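Everything below concerns the one structure shown next.
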């Protein structure tokens with residue numbers, strides 16, 4: 001085909017597509033407006049943002065499913081994603097369509113009433129991408145805006161899909177995967193910005209956050225989480241260590257509509273051996289506040305200065321207005337891998353308090369009550385000397401890792417998955433720690449240890465009175481996000497494969513259902529045609545698959561109080577792909 | 001199944017035509033198209049118009065999509081079927097074993113750990129010599145093990161094996 005013909009053909013194709021789309025969109029789901037995203041709190045039928053609302057509370061005002069009837073919850077439909085790698089995504093629901101991702105950032109659009117697949121996007125990824133994935137080929141979900149669905153395939157790309165067809169509208173390279181930059185987080189849409197972070201803290205990347213125009217995909221700004229020479233904070237890095245210092249941004253962010261502040265967590269320092277990068281190392285293991293329109297950093301709070309233990313601070317904070325010691329505080333709350341639950345003033349980053357989420361924390365003697373700065377226990381700092389330091393509590397998985405906890409504003413309770421375990425660390429000798437692009441740059445061995453019969457503890461914490469309220473224990477670590485409802489329920493999943501519901505006031509277990517594989521994703525709730533549903537992805541993978549080998553699976557489950565009408569459940573075309581010639585019609 | 005090299009999103013034009021033809025055979029096809037537009041109550045006219053433009057769009061769209069798919073198709077590297085060495089040239093060599101250790105730390109340990117983890121325990125592997133070499137270079141279908149042929153040389157893999165054997169004993 002010569003070039004002219006090809007061009008003509010493409011132009012015709014473009015026009016034909018416009019005509020086609022023009023007609024089909026008459027009937028398709030509504031576009032998602034910026035106002036829809038901002039006003040998500042009042043929209044109980046959808047789940048539009050990663051944490052439902054920009055404040056990331058994972059709280060729903062729905063009340064149909066409540067402590068009295070939750071025991072009647074039953075699976076309404078399920079959907080197999082077709083592979084057995086870990087599932088970490090939070091589904092989004094808009095206008096009766098559910099959007100989920102599976103490993104390798106496949107995206108599925110499903111009819112949220114019955115699970116019928118509307119389309120499936122398969123990203124092409126390089127065959128050796130696995131050589132730069134520290135923690136499995138995971139993805140944590142999509143974002144919606146206008147007629148587009150945004151997803152970040154693992155090889156550091158941002159792709160915008162047509163929400164009705166799944167076709168690629170545009171795609172942008174975020175960074176070079178061969179240098180260890182990968183992407184696993186759900187993008188965050190604020191007005192006309194699509195904001196993305198990167199993973200790669202184990203490969204010596206220099207972390208950054210980027211914003212793209214939601215319509216055109218043009219790059220708007222890039223903010224590095226490690227300052228270059230001449231920028232404030234670069235003096236916290238010796239020599240050229242800032243170039244390969246980590247501070248990855250591998251989870252999504254939180255947005256405060258009132259003050260127009262974007263909050264984004266950062267990860268560990270690289271290499272892990274902290275004495276090779278003496279100084280606080282801004283902004284590793286920190287929370288950053290940025291202006292989403294310009295990317296300018298307003299302020300930062302470092303949870304773990306000069307982090308030596310892989311205590312990433314990537315979990316997005318939850319925003320809530322609380323009263324503490326008689327004062328009204330606009331709070332940002334985060335439960336950290338370093339074993340503490342932090343409450344900050346989200347307006348200026350001022351430290352309010354930190355509460356241990358587990359027992360026996362020993363990497364620090366304590367946290368300064370005024371500044372929030374830890375008093376590091378030097379005996380627990382692994383050095384570049386080949387000696388093993390043990391036991392360090394918590395182990396590097398936390399405390400609480402990346403998965404979102406929930407905040408129930410009716411009670412002022414944070415419901416936090418926490419893990420009680422320990423680790424050893426052995427730093428390599430300096431001559432064995434060298435940076436090569438795209439290669440592991442940890443400089444350290446580690447081993448996680450069990451401390452007792454139970455590792456996982458789902459705990460409710462009264463934020464205003466600074467009191468622990470209840471605790472649900474599990475023999476395996478908790479790695480799933482949490483959902484709480486106005487009706488007084490809390491939902492999450494465990495590594496045994498159970499999704500369960502408990503009374504948010506008492507922690508009393510009210511319902512559970514075995515999904516067949518470990519749960520590492522976050523539950524959501526939505527309502528359609530007057531009925532409330534709960535949805536969650538089940539599939540062991542990601543970090544838990546380092547430690548045990550329960551059955552793998554890859555299934556989305558949707559629960560409700562009433563089974564679907566059998567006619568409605570089977571109606572429609574189910575997009576079965578026929579194998580050409582395998583089952584011909586009998587003539 | 002793990003899809004490291006997924007098939008292109010829109011494989012080729014003929015597949016579209018075939019699928020479309022198959023669908024049009026299904027009676028009542030106009031009901032199917034109406035359902036596709038998610039507007040069961042829409043008048044038939046929209047269905048017919050949609051059908052006409054759908055056929056045109058799909059036929060013509062295949063060209064740019066074919067180009068897009070090509071631009072992302074993974075590189076088909078030729079696999080090394082013949083190895084330089086018949087046996088491990090570094091077995092038992094102390095200096096090489098330390099190099100192998102560092103290679104293991106940088107390339108293997110994140111998944112295979114001290115005694116296995118997300119990947120199997122390589123210190124207990126039943127694969128030996130060229131079986132091991134091939135598994136590393138080509139990856140393992142149905143698992144997360146990637147192909148390392150563009151990242152590691154044959155010598156480097158033998159060094160890793162030399163380290164594993166030394167550590168095992």
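The values are calculated or read from the model by the stated rules, or taken from the named source; none is laboratory data. What you see is a predicted model, and the numbers here were worked out from it, not measured in a lab. Cβ atoms come from the backbone with ideal geometry, glycine included; neighbour counts cover every protein chain shown.
Out of A:380, A:425, I need the residue that is touching a strand residue (DSSP E or B) at 6+ places or on another chain (Cβ under 8 Å), surrounded by fewer than 23 Cβ atoms within 10 Å (Cβ to Cβ) and more than 28 Å from residue A:504 (Cβ to Cβ). Which one? Before the answer, list the steps.
Values: A:425 fails: surrounded by fewer than 23 Cβ atoms within 10 Å (Cβ to Cβ).
A:380 is the lone residue from the list that is touching a strand residue (DSSP E or B) at 6+ places or on another chain (Cβ under 8 Å), surrounded by fewer than 23 Cβ atoms within 10 Å (Cβ to Cβ) and more than 28 Å from residue A:504 (Cβ to Cβ).
Considering only residues that are in contact with a helix residue (DSSP H, G or I) (Cβ under 9 Å, 6 or more places away or on another chain) and part of a strand (DSSP E or B), which ones fall in segment A:119-132?
A:121, the sole residue that qualifies.
Looking only at segment A:394-417, decide whether some residue is modelled with pLDDT under 95 and over 26 Å from residue A:225 (Cα atoms).
Checking segment A:394-417: not a single residue is modelled with pLDDT under 95 and over 26 Å from residue A:225 (Cα atoms).
Output the residues belonging to segment A:83-97 that are surrounded by fewer than 21 Cβ atoms within 10 Å (Cβ to Cβ) and in contact with a strand residue (DSSP E or B) (Cβ under 7 Å, 6 or more places away or on another chain).
Across segment A:83-97, the qualifying residue is only A:96.
Can you say whether residue A:148 is in contact (Cβ under 8 Å) with a residue 12 or more places away in the chain and either more than 12 Å from chain B (Cβ to nearest Cβ) or farther than 16 Å from residue A:181 by Cα (or both), as far as the supplied structure shows?
Yes; evaluated as a whole, the condition is true for this residue.
State which residue is nearest to the chain's Cα centre (by Cα) when the search covers only segment A:542-558 and only residues that are farther than 16 Å from residue A:111 by Cβ and more than 14 Å from every other protein chain (Cβ to nearest Cβ).
This residue is A:555.
So which residues in segment B:126-148 are away from chain A (no Cβ under 14 Å) and either surrounded by fewer than 17 Cβ atoms within 10 Å (Cβ to Cβ) or at positive phi (or both)? Talk me through it step by step, then tell me what you get.
Of the residues in segment B:126-148, the ones away from chain A (no Cβ under 14 Å) are B:126-134.
Within segment B:126-148, B:126, B:127, B:128, B:129, B:130, B:131 meet the criteria.
Which of the residues spanning segment A:95-117 are touching a helix residue (DSSP H, G or I) at 6+ places or on another chain (Cβ under 9 Å) and farther than 22 Å from residue B:150 by Cβ?
Hits for segment A:95-117 are A:113, A:114, A:115.
Please tell me if residue A:193 is buried (at least 18 other Cβ atoms within 10 Å of the Cβ) and farther than 30 Å from residue A:96 by Cβ.
no
Does residue A:332 meet the test of being in a strand (DSSP E or B), surrounded by fewer than 24 Cβ atoms within 10 Å (Cβ to Cβ) and under 21 Å from the mean Cα position of the chain (by Cα)?
Here the answer is no, as residue A:332 does not meet what is asked.
So that you can scan it fast, the table gives a plain yes or no per residue for (1) closer than 20 Å to residue A:533 by Cα; (2) in contact with a strand residue (DSSP E or B) (Cβ under 8 Å, 6 or more places away or on another chain); (3) facing chain B (nearest Cβ under 10 Å):
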{"site": "A:99", "(1), (2), (3)": "yes, yes, no"}
{"site": "A:103", "(1), (2), (3)": "no, no, yes"}
{"site": "A:112", "(1), (2), (3)": "yes, yes, no"}
{"site": "A:124", "(1), (2), (3)": "no, no, yes"}
{"site": "A:134", "(1), (2), (3)": "no, yes, yes"}
{"site": "A:137", "(1), (2), (3)": "no, no, yes"}
{"site": "A:140", "(1), (2), (3)": "no, yes, no"}
{"site": "A:144", "(1), (2), (3)": "no, yes, no"}
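Go through the residues of segment A:500-510 one by one and say whether even a single one is in a strand (DSSP E or B), buried (at least 24 other Cβ atoms within 10 Å of the Cβ) and in contact (Cβ under 8 Å) with a residue 24 or more places away in the chain.
Looking only at segment A:500-510, we keep the residues that are in a strand (DSSP E or B), and these are A:500-503, A:509-510.
If we keep only those that are buried (at least 24 other Cβ atoms within 10 Å of the Cβ) too, we end up with A:501-502.
The next check asks that each one be in contact (Cβ under 8 Å) with a residue 24 or more places away in the chain; those that pass are A:501-502.
Yes, because at least one residue in segment A:500-510 is in a strand (DSSP E or B), buried (at least 24 other Cβ atoms within 10 Å of the Cβ) and in contact (Cβ under 8 Å) with a residue 24 or more places away in the chain.
Restricting to segment A:555-580, name every residue that is part of a loop (DSSP other than H, G, I, E, B) and within 22 Å of residue A:511 (Cα to Cα). Step through it out loud before you land on a result.
Taking segment A:555-580 as the starting set, the residues that turn out to be part of a loop (DSSP other than H, G, I, E, B) are A:561-565, A:571-580.
Answer for segment A:555-580, where residues must be part of a loop (DSSP other than H, G, I, E, B) and within 22 Å of residue A:511 (Cα to Cα): A:561, A:562, A:563, A:564.
Condition (residue is more than 28 Å from residue A:191 (Cβ to Cβ) and either at pLDDT 95 or above or within 14 Å of chain B (Cβ to nearest Cβ) (or both)) applied to segment A:158-176: is it met by at least one residue? Before you say what the answer is, go through the steps one by one.
As a first pass, look at segment A:158-176 and keep what is more than 28 Å from residue A:191 (Cβ to Cβ): A:176.
Now narrow it down to the ones that are either at pLDDT 95 or above or within 14 Å of chain B (Cβ to nearest Cβ) (or both): A:176.
Yes, segment A:158-176 contains a residue that is more than 28 Å from residue A:191 (Cβ to Cβ) and either at pLDDT 95 or above or within 14 Å of chain B (Cβ to nearest Cβ) (or both).
Does residue A:389 count as within 22 Å of residue A:450 (Cα to Cα), over 20 Å from the mean Cα position of the chain (by Cα) and modelled with pLDDT of 95 or more?
yes
Out of B:151, B:84, I need the residue that is in contact with a helix residue (DSSP H, G or I) (Cβ under 9 Å, 6 or more places away or on another chain) and exposed (fewer than 13 other Cβ atoms within 10 Å of the Cβ). Which one?
From the options B:151, B:84, the qualifying one is B:84.
Tell me which of these residue A:548 doesn't satisfy, since it passes every other one: (1) in contact (Cβ under 8 Å) with a residue 24 or more places away in the chain; (2) touching a strand residue (DSSP E or B) at 6+ places or on another chain (Cβ under 8 Å); (3) under 15 Å from residue A:496 (Cα atoms).
If we test residue A:548 against (1) in contact (Cβ under 8 Å) with a residue 24 or more places away in the chain; (2) touching a strand residue (DSSP E or B) at 6+ places or on another chain (Cβ under 8 Å); (3) under 15 Å from residue A:496 (Cα atoms), just (2) comes out false.
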